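Participant: Quick one: structure below, then a few questions.
The values are calculated or read from the model by the stated rules, or taken from the named source; none is laboratory data. Here the structure is a predicted model, which means the values were calculated and not measured. So basically every Cβ, Gly included, is an ideal-geometry build from the backbone, and we count neighbours across all protein chains shown. Only protein heavy atoms, including side chains, enter the accessible area calculation; ligands, DNA and RNA are left aside. Shrake-Rupley method; radii C 1.70, N 1.55, O 1.52, S 1.80 Å.
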Amino acid sequence: MSAQDRRPPESPTARGLDPRALRYSASIAYDRRLYHHDIAASIAHARMLGRQGIIPVEDAEAIERGLEDIRQEIEAGQFPWREDLEDIHLNIEMRLREKIGEAAGRLHTARSRNDQVATDMRLFVMDSCDGAVAGVRVLQAALLDLAEANREVIMPGYTHLQRAQPVLLAHHLLAYFEMVERDAERFSDCRTRADELPLGSGALAGVPYPIDREFVASELGFSRVSRNSIDAVSDRDFVAEFQAASAITMMHLSRLCEEIVLWSSAEFGFVKLSADFATGSSIMPQKRNPDVAELARGRSGRVYGNLLAILTTLKGLPLAYNRDLQEDKQPLFDTVDTLLPTLEVLAPLLTAVTVDAARAQAAAGASYTLATDAADYLVRKGAPFREAHQAVGELVRYAESLGKALNELSLEEYRRYSPLFDEAVLNLDPRSAIEARDVPGGTAPRRVQAALQQARRHLREAQ
Ligand code: ARG
(Lines give C-alpha, C1' and ligand atoms only; values in the text may rest on other atoms or scores of the structure.)
Protein backbone atom coordinates (compact mmCIF):
# COMPACT_ATOMS: atom_id res chain seq x y z
CA MET A 1 0.00 0.00 0.00
CA SER A 2 1.24 3.47 -0.80
CA ALA A 3 1.10 6.22 1.81
CA GLN A 4 -1.82 7.62 -0.13
CA ASP A 5 -3.85 4.40 0.41
CA ARG A 6 -3.18 4.33 4.12
CA ARG A 7 -4.90 7.62 4.73
CA PRO A 8 -8.44 7.04 5.93
CA PRO A 9 -10.88 7.47 3.05
CA GLU A 10 -12.35 10.94 2.72
CA SER A 11 -16.01 11.68 3.14
CA PRO A 12 -17.68 11.57 -0.28
CA THR A 13 -20.13 14.25 0.87
CA ALA A 14 -18.14 16.62 3.04
CA ARG A 15 -15.22 17.41 0.75
CA GLY A 16 -14.28 21.04 1.24
CA LEU A 17 -17.01 21.55 3.80
CA ASP A 18 -16.34 24.10 6.51
CA PRO A 19 -15.63 22.16 9.73
CA ARG A 20 -18.29 24.19 11.51
CA ALA A 21 -20.87 23.26 8.91
CA LEU A 22 -19.83 19.63 9.20
CA ARG A 23 -20.07 19.67 12.98
CA TYR A 24 -23.48 21.28 12.75
CA SER A 25 -24.75 18.69 10.27
CA ALA A 26 -23.32 15.53 11.75
CA SER A 27 -25.68 12.98 13.23
CA ILE A 28 -23.12 10.29 13.98
CA ALA A 29 -23.20 11.05 17.71
CA TYR A 30 -26.68 9.52 17.89
CA ASP A 31 -27.51 7.70 14.65
CA ARG A 32 -24.78 5.13 15.34
CA ARG A 33 -27.58 3.51 17.25
CA LEU A 34 -28.98 2.39 13.89
CA TYR A 35 -25.85 0.36 13.09
CA HIS A 36 -27.56 -2.99 13.42
CA HIS A 37 -30.37 -2.14 11.05
CA ASP A 38 -28.06 -0.28 8.68
CA ILE A 39 -25.75 -3.29 8.35
CA ALA A 40 -28.64 -5.72 7.92
CA ALA A 41 -30.08 -3.54 5.15
CA SER A 42 -26.70 -3.22 3.43
CA ILE A 43 -26.14 -6.97 3.50
CA ALA A 44 -29.56 -7.60 1.97
CA HIS A 45 -28.89 -4.96 -0.67
CA ALA A 46 -25.44 -6.36 -1.51
CA ARG A 47 -26.78 -9.91 -1.84
CA MET A 48 -29.48 -8.68 -4.18
CA LEU A 49 -26.95 -6.74 -6.29
CA GLY A 50 -24.86 -9.92 -6.62
CA ARG A 51 -27.82 -12.15 -7.48
CA GLN A 52 -29.07 -9.72 -10.09
CA GLY A 53 -25.62 -9.49 -11.69
CA ILE A 54 -25.48 -5.76 -10.98
CA ILE A 55 -22.16 -6.23 -9.19
CA PRO A 56 -19.84 -9.28 -9.25
CA VAL A 57 -20.90 -12.00 -6.82
CA GLU A 58 -17.37 -12.08 -5.32
CA ASP A 59 -17.68 -8.40 -4.50
CA ALA A 60 -21.09 -8.94 -2.93
CA GLU A 61 -19.59 -11.71 -0.80
CA ALA A 62 -16.63 -9.58 0.22
CA ILE A 63 -19.03 -6.78 1.15
CA GLU A 64 -21.10 -9.11 3.27
CA ARG A 65 -18.05 -10.49 5.11
CA GLY A 66 -16.73 -6.97 5.66
CA LEU A 67 -20.04 -5.79 7.05
CA GLU A 68 -20.24 -8.76 9.43
CA ASP A 69 -16.77 -7.85 10.60
CA ILE A 70 -17.82 -4.27 11.17
CA ARG A 71 -20.84 -5.40 13.14
CA GLN A 72 -18.53 -7.34 15.45
CA GLU A 73 -16.19 -4.40 15.78
CA ILE A 74 -19.05 -2.15 16.80
CA GLU A 75 -20.39 -4.66 19.28
CA ALA A 76 -16.95 -5.18 20.78
CA GLY A 77 -16.60 -1.42 21.19
CA GLN A 78 -13.64 -1.40 18.79
CA PHE A 79 -15.11 0.48 15.86
CA PRO A 80 -13.13 3.63 15.03
CA TRP A 81 -15.99 6.12 14.92
CA ARG A 82 -15.17 9.19 12.83
CA GLU A 83 -16.87 12.48 13.53
CA ASP A 84 -15.70 13.81 10.16
CA LEU A 85 -17.99 11.28 8.45
CA GLU A 86 -21.32 12.78 9.18
CA ASP A 87 -23.51 9.76 9.82
CA ILE A 88 -23.75 6.03 10.46
CA HIS A 89 -24.05 5.24 6.76
CA LEU A 90 -20.80 6.94 5.80
CA ASN A 91 -18.96 5.61 8.84
CA ILE A 92 -19.81 2.06 7.89
CA GLU A 93 -19.18 2.51 4.19
CA MET A 94 -15.80 4.15 4.70
CA ARG A 95 -14.77 1.52 7.20
CA LEU A 96 -15.77 -1.14 4.69
CA ARG A 97 -13.45 0.48 2.19
CA GLU A 98 -10.58 0.23 4.67
CA LYS A 99 -11.37 -3.44 5.17
CA ILE A 100 -12.08 -4.76 1.68
CA GLY A 101 -10.80 -2.02 -0.60
CA GLU A 102 -12.36 -1.21 -3.97
CA ALA A 103 -15.28 -3.62 -3.81
CA ALA A 104 -16.73 -1.50 -1.01
CA GLY A 105 -17.37 1.21 -3.54
CA ARG A 106 -19.94 -1.02 -5.26
CA LEU A 107 -22.24 -1.28 -2.23
CA HIS A 108 -23.83 2.09 -2.86
CA THR A 109 -24.89 1.09 -6.38
CA ALA A 110 -28.64 1.47 -6.90
CA ARG A 111 -29.33 3.15 -3.59
CA SER A 112 -29.06 6.50 -1.87
CA ARG A 113 -28.75 7.47 1.76
CA ASN A 114 -32.31 8.70 1.42
CA ASP A 115 -33.84 5.28 0.89
CA GLN A 116 -31.19 3.79 3.16
CA VAL A 117 -32.04 5.92 6.18
CA ALA A 118 -35.77 5.52 5.60
CA THR A 119 -35.22 1.75 5.64
CA ASP A 120 -33.17 1.84 8.84
CA MET A 121 -35.78 3.99 10.54
CA ARG A 122 -38.62 1.69 9.58
CA LEU A 123 -36.73 -1.32 10.89
CA PHE A 124 -35.98 0.54 14.11
CA VAL A 125 -39.61 1.57 14.59
CA MET A 126 -40.84 -1.97 13.89
CA ASP A 127 -38.50 -3.36 16.55
CA SER A 128 -39.53 -0.63 18.97
CA CYS A 129 -43.20 -1.50 18.41
CA ASP A 130 -42.39 -5.11 19.31
CA GLY A 131 -40.58 -3.88 22.41
CA ALA A 132 -43.51 -1.71 23.44
CA VAL A 133 -46.02 -4.53 23.02
CA ALA A 134 -43.80 -6.85 25.08
CA GLY A 135 -43.55 -4.15 27.76
CA VAL A 136 -47.32 -3.76 27.85
CA ARG A 137 -47.72 -7.53 28.34
CA VAL A 138 -45.41 -7.50 31.35
CA LEU A 139 -47.33 -4.62 32.87
CA GLN A 140 -50.66 -6.31 32.20
CA ALA A 141 -49.45 -9.44 33.98
CA ALA A 142 -48.49 -7.34 37.01
CA LEU A 143 -51.89 -5.60 36.99
CA LEU A 144 -53.59 -9.01 36.94
CA ASP A 145 -51.41 -10.34 39.76
CA LEU A 146 -52.31 -7.38 41.95
CA ALA A 147 -56.00 -7.64 41.06
CA GLU A 148 -56.11 -11.37 41.74
CA ALA A 149 -54.25 -11.08 45.03
CA ASN A 150 -56.87 -8.54 46.16
CA ARG A 151 -59.89 -10.06 44.47
CA GLU A 152 -62.27 -9.33 47.38
CA VAL A 153 -61.15 -5.80 48.19
CA ILE A 154 -63.83 -3.14 47.86
CA MET A 155 -62.86 0.50 47.47
CA PRO A 156 -64.70 3.70 46.66
CA GLY A 157 -64.91 4.45 42.97
CA TYR A 158 -64.56 8.17 42.24
CA THR A 159 -65.96 10.78 39.94
CA HIS A 160 -64.60 14.32 40.24
CA LEU A 161 -62.28 12.76 42.81
CA GLN A 162 -65.32 12.56 45.08
CA ARG A 163 -66.30 9.19 46.46
CA ALA A 164 -69.05 8.00 44.14
CA GLN A 165 -69.94 4.30 44.35
CA PRO A 166 -68.21 1.23 45.74
CA VAL A 167 -66.27 -0.87 43.23
CA LEU A 168 -63.93 -3.81 43.42
CA LEU A 169 -60.27 -2.80 43.40
CA ALA A 170 -59.79 -5.57 40.84
CA HIS A 171 -62.34 -3.89 38.58
CA HIS A 172 -60.48 -0.61 38.88
CA LEU A 173 -57.17 -2.29 38.01
CA LEU A 174 -58.74 -4.07 35.06
CA ALA A 175 -59.63 -0.64 33.67
CA TYR A 176 -55.88 -0.08 33.23
CA PHE A 177 -55.55 -3.52 31.69
CA GLU A 178 -58.01 -2.40 29.01
CA MET A 179 -56.30 0.95 28.45
CA VAL A 180 -52.89 -0.55 27.88
CA GLU A 181 -54.43 -3.29 25.76
CA ARG A 182 -55.51 -0.58 23.33
CA ASP A 183 -52.00 0.85 23.53
CA ALA A 184 -50.59 -2.51 22.47
CA GLU A 185 -53.04 -2.55 19.57
CA ARG A 186 -51.87 0.90 18.53
CA PHE A 187 -48.27 -0.29 18.48
CA SER A 188 -49.12 -3.29 16.36
CA ASP A 189 -51.08 -1.08 13.98
CA CYS A 190 -48.13 1.26 13.80
CA ARG A 191 -45.85 -1.68 13.05
CA THR A 192 -48.12 -2.84 10.25
CA ARG A 193 -47.89 0.52 8.53
CA ALA A 194 -44.13 0.88 9.11
CA ASP A 195 -43.66 -2.57 7.61
CA GLU A 196 -42.82 -1.46 4.06
CA LEU A 197 -39.44 -1.44 2.32
CA PRO A 198 -38.19 1.94 1.00
CA LEU A 199 -34.91 0.62 -0.50
CA GLY A 200 -35.10 0.75 -4.26
CA SER A 201 -36.50 4.27 -4.19
CA GLY A 202 -33.02 5.72 -4.63
CA ALA A 203 -32.70 9.42 -3.93
CA LEU A 204 -36.35 9.94 -4.83
CA ALA A 205 -37.19 8.69 -8.31
CA GLY A 206 -36.27 5.00 -8.25
CA VAL A 207 -33.02 3.56 -9.64
CA PRO A 208 -31.90 2.66 -13.19
CA TYR A 209 -30.86 -0.93 -12.38
CA PRO A 210 -32.74 -4.24 -12.60
CA ILE A 211 -33.05 -4.61 -8.82
CA ASP A 212 -35.19 -7.15 -6.98
CA ARG A 213 -36.98 -5.25 -4.24
CA GLU A 214 -39.11 -8.22 -3.16
CA PHE A 215 -35.96 -10.16 -2.40
CA VAL A 216 -34.54 -7.36 -0.25
CA ALA A 217 -37.89 -7.01 1.52
CA SER A 218 -38.05 -10.68 2.39
CA GLU A 219 -34.41 -10.75 3.53
CA LEU A 220 -35.15 -7.94 5.97
CA GLY A 221 -38.53 -9.22 7.13
CA PHE A 222 -40.63 -6.54 5.43
CA SER A 223 -44.03 -7.73 4.20
CA ARG A 224 -44.14 -5.45 1.19
CA VAL A 225 -42.28 -2.83 -0.81
CA SER A 226 -43.28 0.83 -0.98
CA ARG A 227 -45.44 1.80 -3.94
CA ASN A 228 -44.12 5.31 -4.50
CA SER A 229 -40.46 6.26 -4.39
CA ILE A 230 -41.10 9.92 -3.54
CA ASP A 231 -43.35 9.01 -0.63
CA ALA A 232 -40.90 6.37 0.57
CA VAL A 233 -38.00 8.78 1.07
CA SER A 234 -40.09 11.75 2.22
CA ASP A 235 -42.48 10.66 4.87
CA ARG A 236 -41.88 9.87 8.49
CA ASP A 237 -45.52 9.43 9.42
CA PHE A 238 -44.59 6.06 10.91
CA VAL A 239 -42.34 7.92 13.35
CA ALA A 240 -45.16 10.34 14.18
CA GLU A 241 -47.47 7.37 14.71
CA PHE A 242 -45.02 5.71 17.02
CA GLN A 243 -44.66 8.96 18.94
CA ALA A 244 -48.43 9.31 19.15
CA ALA A 245 -48.91 5.74 20.35
CA SER A 246 -46.14 6.32 22.90
CA ALA A 247 -47.65 9.61 24.08
CA ILE A 248 -51.02 7.96 24.62
CA THR A 249 -49.41 5.05 26.45
CA MET A 250 -47.44 7.41 28.68
CA MET A 251 -50.67 9.29 29.38
CA HIS A 252 -52.26 6.05 30.58
CA LEU A 253 -49.23 5.11 32.64
CA SER A 254 -49.18 8.58 34.11
CA ARG A 255 -52.78 8.23 35.30
CA LEU A 256 -51.96 4.91 36.92
CA CYS A 257 -48.95 6.50 38.60
CA GLU A 258 -51.03 9.45 39.76
CA GLU A 259 -53.35 7.00 41.51
CA ILE A 260 -50.45 5.23 43.16
CA VAL A 261 -49.23 8.60 44.40
CA LEU A 262 -52.71 9.48 45.72
CA TRP A 263 -53.44 6.08 47.20
CA SER A 264 -50.12 5.91 49.04
CA SER A 265 -50.72 9.27 50.73
CA ALA A 266 -51.92 9.37 54.34
CA GLU A 267 -55.11 11.01 53.10
CA PHE A 268 -56.11 7.93 51.11
CA GLY A 269 -53.97 5.26 52.72
CA PHE A 270 -55.25 2.53 50.39
CA VAL A 271 -51.77 1.21 49.61
CA LYS A 272 -48.28 1.09 51.05
CA LEU A 273 -45.13 0.87 48.98
CA SER A 274 -42.48 -1.54 50.18
CA ALA A 275 -39.13 -0.04 51.10
CA ASP A 276 -37.51 -1.11 47.83
CA PHE A 277 -39.85 1.15 45.87
CA ALA A 278 -40.25 4.07 48.25
CA THR A 279 -37.56 6.63 48.87
CA GLY A 280 -36.89 8.41 52.11
CA SER A 281 -36.51 12.11 52.52
CA SER A 282 -33.16 13.67 53.34
CA ILE A 283 -34.69 15.60 56.23
CA MET A 284 -38.05 14.02 57.11
CA PRO A 285 -37.39 10.56 58.52
CA GLN A 286 -41.02 9.44 58.30
CA LYS A 287 -41.29 9.86 54.51
CA ARG A 288 -41.94 7.08 52.00
CA ASN A 289 -42.05 8.87 48.72
CA PRO A 290 -43.44 7.28 45.55
CA ASP A 291 -40.64 8.70 43.37
CA VAL A 292 -40.84 6.08 40.65
CA ALA A 293 -44.52 6.79 40.08
CA GLU A 294 -43.87 10.53 40.12
CA LEU A 295 -41.04 10.27 37.61
CA ALA A 296 -43.11 8.14 35.27
CA ARG A 297 -45.86 10.76 35.52
CA GLY A 298 -43.31 13.49 34.87
CA ARG A 299 -41.70 11.78 31.91
CA SER A 300 -44.95 11.64 30.01
CA GLY A 301 -44.32 15.32 29.27
CA ARG A 302 -41.08 14.50 27.47
CA VAL A 303 -42.84 12.07 25.19
CA TYR A 304 -45.62 14.55 24.36
CA GLY A 305 -42.86 17.00 23.44
CA ASN A 306 -41.28 14.44 21.14
CA LEU A 307 -44.59 13.91 19.35
CA LEU A 308 -44.92 17.62 18.78
CA ALA A 309 -41.33 17.81 17.57
CA ILE A 310 -41.78 15.31 14.74
CA LEU A 311 -45.12 16.76 13.67
CA THR A 312 -43.58 20.21 13.53
CA THR A 313 -40.50 18.99 11.66
CA LEU A 314 -42.67 17.40 8.99
CA LYS A 315 -45.36 19.98 8.50
CA GLY A 316 -43.61 22.42 6.18
CA LEU A 317 -41.45 20.09 4.12
CA PRO A 318 -41.80 20.03 0.36
CA LEU A 319 -41.30 16.60 -1.22
CA ALA A 320 -39.00 14.72 -1.35
CA TYR A 321 -36.09 14.24 1.11
CA ASN A 322 -34.97 17.29 3.11
CA ARG A 323 -32.21 17.31 5.66
CA ASP A 324 -34.72 18.37 8.30
CA LEU A 325 -35.70 14.71 8.33
CA GLN A 326 -32.52 13.91 10.21
CA GLU A 327 -34.25 15.57 13.17
CA ASP A 328 -36.61 12.60 13.40
CA LYS A 329 -34.04 10.58 15.32
CA GLN A 330 -33.20 12.08 18.69
CA PRO A 331 -36.81 12.53 19.80
CA LEU A 332 -37.58 8.99 18.63
CA PHE A 333 -34.68 7.51 20.56
CA ASP A 334 -35.62 9.58 23.59
CA THR A 335 -39.17 8.29 23.46
CA VAL A 336 -38.03 4.68 23.19
CA ASP A 337 -35.63 5.25 26.08
CA THR A 338 -38.44 6.73 28.15
CA LEU A 339 -41.34 4.47 27.24
CA LEU A 340 -39.69 1.04 27.49
CA PRO A 341 -38.06 1.59 30.90
CA THR A 342 -41.32 3.09 32.19
CA LEU A 343 -43.26 0.00 31.13
CA GLU A 344 -40.54 -2.15 32.64
CA VAL A 345 -40.39 -0.43 36.02
CA LEU A 346 -44.14 -0.26 36.59
CA ALA A 347 -44.47 -4.04 36.84
CA PRO A 348 -42.15 -4.33 39.88
CA LEU A 349 -43.66 -1.13 41.27
CA LEU A 350 -47.06 -2.82 41.30
CA THR A 351 -45.49 -5.81 43.01
CA ALA A 352 -44.23 -3.45 45.72
CA VAL A 353 -47.81 -2.33 46.47
CA THR A 354 -49.58 -3.70 49.53
CA VAL A 355 -53.26 -2.95 49.75
CA ASP A 356 -54.86 -1.86 53.03
CA ALA A 357 -58.15 -3.66 52.47
CA ALA A 358 -59.79 -2.49 55.70
CA ARG A 359 -59.04 1.13 54.97
CA ALA A 360 -60.27 0.90 51.37
CA GLN A 361 -63.41 -0.91 52.43
CA ALA A 362 -64.17 1.62 55.17
CA ALA A 363 -63.82 4.44 52.65
CA ALA A 364 -66.03 2.52 50.22
CA GLY A 365 -69.02 2.70 52.57
CA ALA A 366 -68.41 6.23 53.89
CA SER A 367 -69.46 9.56 52.37
CA TYR A 368 -72.89 8.35 51.28
CA THR A 369 -71.55 6.18 48.47
CA LEU A 370 -74.68 4.04 48.86
CA ALA A 371 -77.04 6.89 48.05
CA THR A 372 -77.48 5.70 44.47
CA ASP A 373 -78.34 2.27 45.79
CA ALA A 374 -80.98 3.74 48.09
CA ALA A 375 -82.50 5.48 45.08
CA ASP A 376 -82.33 2.29 43.02
CA TYR A 377 -84.06 0.56 45.91
CA LEU A 378 -87.01 2.95 45.59
CA VAL A 379 -87.04 2.42 41.82
CA ARG A 380 -87.41 -1.31 42.37
CA LYS A 381 -90.39 -0.48 44.58
CA GLY A 382 -91.99 1.38 41.71
CA ALA A 383 -90.77 5.01 42.09
CA PRO A 384 -89.61 6.84 38.95
CA PHE A 385 -85.82 7.29 39.16
CA ARG A 386 -85.93 11.10 39.22
CA GLU A 387 -88.28 11.12 42.23
CA ALA A 388 -86.24 8.51 44.00
CA HIS A 389 -83.12 10.59 43.34
CA GLN A 390 -84.74 13.63 44.91
CA ALA A 391 -86.04 11.76 47.96
CA VAL A 392 -82.64 10.23 48.66
CA GLY A 393 -80.98 13.61 48.10
CA GLU A 394 -83.09 15.02 50.91
CA LEU A 395 -82.44 11.98 53.04
CA VAL A 396 -78.68 12.45 52.63
CA ARG A 397 -78.87 16.11 53.52
CA TYR A 398 -80.84 15.17 56.64
CA ALA A 399 -78.25 12.52 57.63
CA GLU A 400 -75.43 14.98 56.94
CA SER A 401 -77.02 17.55 59.23
CA LEU A 402 -76.93 14.98 62.02
CA GLY A 403 -73.41 13.86 61.11
CA LYS A 404 -74.71 10.34 60.57
CA ALA A 405 -74.12 7.72 57.91
CA LEU A 406 -77.10 6.31 55.99
CA ASN A 407 -76.90 3.01 57.84
CA GLU A 408 -77.13 4.87 61.15
CA LEU A 409 -80.64 6.12 60.40
CA SER A 410 -83.78 4.31 61.55
CA LEU A 411 -86.39 2.96 59.18
CA GLU A 412 -88.74 5.56 60.57
CA GLU A 413 -86.35 8.31 59.48
CA TYR A 414 -86.06 6.76 56.01
CA ARG A 415 -89.81 6.66 55.68
CA ARG A 416 -90.09 10.38 56.25
CA TYR A 417 -88.54 10.77 52.80
CA SER A 418 -90.39 7.96 51.05
CA PRO A 419 -93.08 5.58 52.28
CA LEU A 420 -91.67 3.00 49.86
CA PHE A 421 -88.66 2.33 52.12
CA ASP A 422 -88.89 -0.81 54.24
CA GLU A 423 -86.68 -3.02 56.46
CA ALA A 424 -84.45 -4.31 53.66
CA VAL A 425 -83.03 -0.83 52.93
CA LEU A 426 -81.13 -1.12 56.20
CA ASN A 427 -79.15 -3.99 54.71
CA LEU A 428 -77.57 -1.87 51.99
CA ASP A 429 -73.81 -2.06 52.24
CA PRO A 430 -70.85 -1.81 49.83
CA ARG A 431 -70.97 -5.54 49.18
CA SER A 432 -74.63 -5.52 48.16
CA ALA A 433 -73.96 -2.40 46.08
CA ILE A 434 -71.29 -4.09 43.99
CA GLU A 435 -73.22 -7.35 43.76
CA ALA A 436 -76.17 -5.46 42.33
CA ARG A 437 -74.10 -4.18 39.39
CA ASP A 438 -74.30 -7.48 37.65
CA VAL A 439 -74.16 -6.36 34.02
CA PRO A 440 -71.54 -7.07 31.38
CA GLY A 441 -68.67 -4.71 32.18
CA GLY A 442 -70.00 -4.07 35.70
CA THR A 443 -68.26 -4.45 39.04
CA ALA A 444 -70.28 -7.41 40.40
CA PRO A 445 -67.82 -9.98 41.77
CA ARG A 446 -68.85 -12.71 39.35
CA ARG A 447 -68.41 -10.36 36.40
CA VAL A 448 -65.01 -9.26 37.65
CA GLN A 449 -64.00 -12.85 38.23
CA ALA A 450 -64.92 -13.67 34.65
CA ALA A 451 -63.07 -10.58 33.42
CA LEU A 452 -59.94 -11.64 35.32
CA GLN A 453 -60.06 -15.08 33.74
CA GLN A 454 -60.68 -13.64 30.33
CA ALA A 455 -57.73 -11.25 30.75
CA ARG A 456 -55.46 -14.12 31.84
CA ARG A 457 -56.48 -16.14 28.83
CA HIS A 458 -55.87 -13.19 26.55
CA LEU A 459 -52.37 -12.71 27.99
CA ARG A 460 -51.52 -16.37 27.54
CA GLU A 461 -52.64 -16.26 23.93
CA ALA A 462 -50.74 -13.04 23.29
CA GLN A 463 -47.43 -14.53 24.49
N1 ARG B 1 -28.13 11.49 8.17
C2 ARG B 1 -29.15 11.63 7.18
C3 ARG B 1 -30.54 11.54 7.85
O4 ARG B 1 -30.60 11.09 8.92
C5 ARG B 1 -29.04 10.52 6.20
C6 ARG B 1 -29.60 10.87 4.85
C7 ARG B 1 -28.77 11.92 4.23
N8 ARG B 1 -29.22 12.23 2.91
C9 ARG B 1 -28.85 13.31 2.30
N10 ARG B 1 -29.33 13.52 1.10
N11 ARG B 1 -28.06 14.21 2.86
O12 ARG B 1 -31.52 11.94 7.31
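Participant: Measuring with a 1.4 Å probe in the full set of protein chains, what accessible area per residue, in whole Å², belongs to the stretch 235-314?
Facilitator: 48 Å²
Participant: With label points built 7 Å along Cα→Cβ from the Cα atoms of ALA358 and GLU73, find their separation and express it in nm.
Facilitator: 6.8 nm
Participant: As I understand it, the value is the acute angle between the Cα axis of helix 385-402 and the longest principal axis of the Cα atoms of the chain; what does it come to in degrees, rounded to 10?
Facilitator: 70 degrees
Participant: In terms of solvent-accessible area of protein heavy atoms at a 1.4 angstrom probe, what is the ranking of TYR304, TYR368, highest value first?
Facilitator: Numbers: TYR304 100, TYR368 55 Å².
Solvent-accessible surface, decreasing: TYR304, TYR368.
Participant: Helix 35-51 against the longest principal axis of the chain: what's the angle in degrees, Cα atoms only, rounded to the nearest 10?
Facilitator: It is inclined by approximately 50 degrees.
Participant: Per residue, how many Å² of accessible area does the stretch 1-69 show with a 1.4 Å probe?
Facilitator: 57 Å²
Participant: OK, next. Using each residue's phi in the stretch 295-310, evaluate 6.51 cos²θ - 1.76 cosθ + 1.60 at θ = phi - 60° and report the 3J(HN,Hα) Karplus result to the nearest Hz, with x for Gly and Pro.
Facilitator: Those phi angles translate into 5, 4, 4, x, 6, 4, x, 4, 5, 4, x, 5, 5, 5, 4, 5 Hz.
Participant: Further question: Between ALA450 and VAL57, take the C-beta separation as r, use R0 = 56 Å, and let me know the FRET efficiency to the nearest 0.05.
Facilitator: Between ALA450 and VAL57 the formula returns 0.35.
Participant: Count the net charge of all other residues whose Cβ sits under 11 Å from the Cβ of LEU411, scoring Lys and Arg as +1 and Asp and Glu as -1.
Facilitator: For residues surrounding LEU411, the net value is -2.
Participant: Moving on to the next point. Looking at the stretch 120-178, which GluC sites (Glu not before Pro) are DSSP coil and have at most 14 other C-beta atoms within 10 Å of their C-beta? Please report the intermediate quantities before stating the final value.
Facilitator: Working: sites: GLU148, GLU152, GLU178; in loops: GLU152.
Taking the stretch 120-178 and a limit of 14 other Cβ atoms within 10 Å, the loop GluC sites (Glu not before Pro) found are GLU152.
Participant: What list of ³J(HN,Hα) couplings, whole Hz, do you get for the stretch 66-74 from phi and the Karplus terms 6.51, -1.76, 1.60, once you set θ to phi - 60° and write x for glycine and proline?
Facilitator: x, 5, 4, 4, 5, 4, 5, 4, 5
Participant: Next question. Considering only protein heavy atoms and a probe of 1.4 Å, how much of the accessible area of the chain is carbon and sulfur, as a whole percent? List each step's numbers first, then the result.
Facilitator: Numbers: 11420 of 22240 Å².
C and S fraction of accessible area: 51 percent.
Participant: Please give the length that would be gained between LEU311 and ALA203 if that part of the chain were fully extended, namely 0.36 nm times their separation in residues minus their C-alpha to C-alpha distance (nm, one decimal). Before the final figure, lay out the partial values.
Facilitator: On the way: separation 108, 0.36 × 108 = 38.88 nm, distance 2.28 nm.
Here the segment from LEU311 to ALA203 would lengthen by 36.6 nm.
Participant: May I ask for the percentage of alpha-carbon pairs in the stretch 1-112 that lie more than 16 Å from each other?
Facilitator: Pairs farther apart than 16 Å: 59 percent.
Participant: Treat each spin label as a single point 7 Å out from the Cα along the C-beta direction, and report the GLU178 to LEU340 distance in nm.
Facilitator: Between GLU178 and LEU340, the label points sit 3.1 nm apart.
Participant: Leaving ligands and nucleic acids out of the surface, order LYS315, LYS272, LYS329 by accessible area at 1.4 Å, largest first.
Facilitator: Reading off the accessible areas and sorting them downward yields LYS315, LYS272, LYS329.
Participant: Then there is this: Can you give me the relative contact order of the chain as a percent, contacts being Cα pairs under 8 Å and 6 or more apart?
Facilitator: 16 percent
Participant: Starting from the amide H of ALA164, placed 1.01 Å from N in the peptide plane, find each other amide H under 5 Å away whose residue is 5 or more places distant or on another chain.
Facilitator: So ALA164 has HN proximity to GLY157, TYR158, THR159.
Participant: Determine the distance separating the Cα centre of the stretch 57-106 from the Cα centre of the stretch 153-210; give it in Å without decimals.
Facilitator: 38 Å
Participant: Given bins 5 angstrom wide, list per bin the percent of all Cα-Cα distances in the stretch 40-104, short to long.
Facilitator: Reading the bins upward from 0: 4, 19, 27, 26, 15, 7, 3, 0.
Participant: Oh, and also: Show me the GluC sites (Glu not before Pro) within the stretch 249-309 that DSSP assigns to loop and that have at most 11 other Cβ atoms within 10 Å of their Cβ.
Facilitator: Listed in order of number, the matching sites are GLU267.
Participant: Something else about it: Could you tell me the distance between the Cα centroids of the stretch 415-453 and the stretch 276-340, to the nearest Å?
Facilitator: Using only Cα atoms, the two centres lie 43 Å from each other.
Participant: What are the residues whose amide H is under 5 Å from the amide H of VAL225, where those residues sit 5 or more places off or on another chain and H is modelled from the backbone?
Facilitator: Residues meeting the amide H criterion: LEU197.
Participant: So how much accessible area does TYR321 have, in Å² to the nearest 10, using a 1.4 Å probe?
Facilitator: Surface accessible to solvent at TYR321 totals approximately 70 Å².
Participant: Something else now. Sorted by average packing, counted as other Cβ atoms within 10 angstrom per residue and highest first, what order do 453-459, 56-62 take?
Facilitator: Highest mean packing first, the order is 56-62, 453-459.
Participant: Sort THR313, THR338 by accessible area with a 1.4 Å probe, largest first. Mind dumping the intermediate values first?
Facilitator: Details: THR313 35, THR338 5 Å².
Output order, biggest surface exposure first: THR313, THR338.
Participant: Can you list residues from other chains, or at least 5 along the same chain, whose modelled amide H is less than 5 Å from the amide H of THR279?
Facilitator: Residues meeting the criterion, in which the H sits 1.01 Å from N, are ASN289, ASP291.
Participant: Mind checking the angle between helix 113-149 and the chain's longest principal axis? C-alpha axes, 0 to 90 degrees, to the nearest 10.
Facilitator: Taking Cα atoms only, the helix is inclined about 30 degrees.
Participant: Moving on to the next point. Which residues does a label at THR351 reach in the stretch 289-305, if reach means a backbone N under 16 Å from a point 7 Å past the Cα toward the Cβ?
Facilitator: From the stretch 289-305, the list is empty.
Participant: Continuing with this model, one more query. Is the shape of the stretch 323-375 best called rounded, prolate or oblate, per the rule: a/c under 1.5 gives rounded, else a/b larger than b/c gives prolate, else oblate, with a ≥ b ≥ c the square roots of the Cα gyration tensor eigenvalues?
Facilitator: It is oblate, given that a/c is not under 1.5 and a/b is not larger than b/c.
Participant: In whole Hz, what ³J(HN,Hα) sequence does the stretch 340-351 give by Karplus (6.51, -1.76, 1.60; θ = phi - 60°), x for Gly and Pro?
Facilitator: 5, x, 5, 4, 5, 7, 6, 4, x, 4, 5, 5
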